[in-house]
Amino acid sequence: MSRLRGAAVPLLTCLVTLGALTAWTTAGRAGSPAELSADEGRVLVPLSTEATAAFVTVRNTGGADDVLTGVTGPAGHTTMLSRTVDIGRNAARMEMAGAVTVPAGGSLRMSPTGLDIMVSPPPRLAPGDRLTFTLHFRDSPPLTVRTRAVLPGQ
């Protein structure tokens, strides 16, 4: 009887795993590549002469993760993925971000308190102006995204 109980847990685990894989395959997700898209994002009207930031949301409706590896922007401006890091005592600092995963069936949302696109020096922008960026991925072709200039806090 104890041997039967000992075998029940691994057997049940295998059956649950097999069921999940079957459902994933039946839904058409098995082996499908990443399918990336992005809506219009936002770029902050610069308040300084050093840098500004842009934010987009990248959606992946495919069956495989992909990795955002970099970004290019307007000529004459350095663009990079950056991340805001809390350093304590109500202070934060910016650091360059490495590659970031865009999960299968999920999204990667950039924000002022997390991952963003840093642009230095900032271009002259007024509210409503548009700026274009190209996102680069490990497996998918580059994705061109447009952003609209907004005042900080919008």
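The values are calculated or read from the model by the stated rules, or taken from the named source; none is laboratory data. Every value quoted in this text rests on a predicted model; they were computed, and no experiment measured them. Here the Cβ positions follow ideal geometry from the backbone for every residue, glycine too, while neighbour counts run over all protein chains shown. For accessibility, only protein heavy atoms count, side chains too; no ligands or nucleic acids. Shrake-Rupley method; radii C 1.70, N 1.55, O 1.52, S 1.80 Å.
If you go through the stretch 74-98, how many residues are within 20 Å of Asn60 (Cβ to Cβ) and open to solvent by 70 Å² or more (accessible area, probe 1.4 Å)? Break it down stepwise before answering.
Going through the stretch 74-98, the residues within 20 Å of Asn60 (Cβ to Cβ) turn out to be 81, 83, 97-98.
Filter again for open to solvent by 70 Å² or more (accessible area, probe 1.4 Å), leaving 83.
Total satisfying the criteria: 1.
Of the strands (runs of 3 or more DSSP E) lying entirely inside the stretch 36-135, those containing at least 2 residues that are over 16 Å from Thr147 (Cα atoms), without any contact (Cβ under 8 Å) to a residue 60 or more places away in the chain and of a type in the set (Gly, Ala, Ser) are 78-88, 91-96. Criterion first (open to solvent by 70 Å² or more (accessible area, probe 1.4 Å) and modelled with pLDDT of 95 or more) does Arg3 satisfy it? Criteria not met by Arg3. Out of the residues in the stretch 119-145 meeting the condition of being closer than 15 Å to Val45 by Cβ and aliphatic (A, V, I, L, M), tell me which one is surrounded by the most Cβ atoms within 10 Å (Cβ to Cβ). Taking the candidates together, the pick is Val119.
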